[in-house]
Amino acid sequence: KAVLAAGSEMQKSVSDWSHSIFGHLFTDIRQRAIASLEENVEVSLAAGLTPEEIRAVVEVPIRKMEASGDRGDLALELADEQICLWAFAEMAGVDVLEQVNRKMAVNRSRPKSYYDEKLKQKALLGMPYRDNKQGSAKEA
């Protein structure tokens, strides 16, 4: 298990936990991107952006991709996202690593059934998670 010290999470330990809870649902990189986008929207709402502002921002890279056909380099886009997160967290006075450890302690304390129910509720709201074993949308 990839953990630095007791209670100290790393990229691999978080990924391993996620796979143990969500299994095959998040073995598809597109499904992980959906989850990441959802979290980014939640951060934006918590920071005070309006739904209209979020929708407008989301449309910009979509329009750029539609015009150029270029989806970008995934590794570089992930780096950009992490750089923005660290700068944002610093501005907000948040120690991201400390909060990851705090949140993962909460996540690890919850039973798998909690997450199963959460995914069902998201499916009811139209979240496009797909069950990769079945090749279809996850049923609620």
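The values are calculated or read from the model by the stated rules, or taken from the named source; none is laboratory data. What you see is a predicted model; the values in this text were computed from it and never measured. Virtual Cβ from ideal backbone geometry, glycine too; neighbours counted across all protein chains shown. All accessible areas refer to the heavy atoms of the entire protein, side chains included, with ligands and DNA or RNA removed. Shrake-Rupley method; radii C 1.70, N 1.55, O 1.52, S 1.80 Å.
When the C-alpha atoms of the chain are aligned to their principal axes, what extent does each axis show, in angstrom, from largest down?
If we take the Cα atoms of the chain, the spans are 46, 41, 29 Å.
Could you look at the chain and say what percent of its accessible area is carbon and sulfur, using a 1.4 Å probe and all protein chains?
Answer for the chain: carbon and sulfur cover 59 percent of the accessible area.
Express in nm, to one decimal, how much length is gained between Lys118 and Asp70 on full extension, taking 0.36 nm for each residue of separation and deducting their alpha carbon distance.
Residue separation times 0.36 nm, minus the Cα-Cα distance, leaves 13.9 nm.
Can you tell me the relative contact order of the chain? Whole percent, Cα pairs under 8 Å, sequence separation 6 or more.
With pairs under 8 Å counted, the relative contact order is 31 percent.
Kindly provide the helix-only [θ] at 222 nm of the chain, computed as the sum of -39,500 (n - 2.57) over DSSP H runs of four or more divided by all residues, to the nearest 500 deg cm²/dmol?
The per-residue figure over the chain is -22000 deg cm²/dmol.
Rounded to the nearest whole Å², what accessible area per residue is found for the chain with the 1.4 Å probe?
74
Between Met10 and Ala46, what length comes free when the chain is fully extended (0.36 nm per residue of separation minus the Cα-Cα distance, one decimal in nm)?
Extending this stretch completely gives an extra 10.5 nm.
Nearest 0.05, what FRET efficiency do Ala87 and Ala33 give at R0 = 22 Å with Cβ-Cβ as r?
With a Förster radius of 22 Å, E is 0.55.
Where the centroid of each part is defined by its Cα atoms, how far is the stretch 27-67 from the stretch 101-124 in Å?
21
Between Arg108 and Asp80, what FRET efficiency follows from the Cβ-Cβ distance if R0 is 30 Å, with the result rounded to 0.05?
The pair Arg108/Asp80 has a calculated efficiency of 0.55.
What's the extension gain from Arg63 to Gln99 if we count 0.36 nm per residue and subtract their Cα-Cα distance?
Separation in residues times 0.36 nm, less the Cα-Cα distance, equals 9.6 nm.
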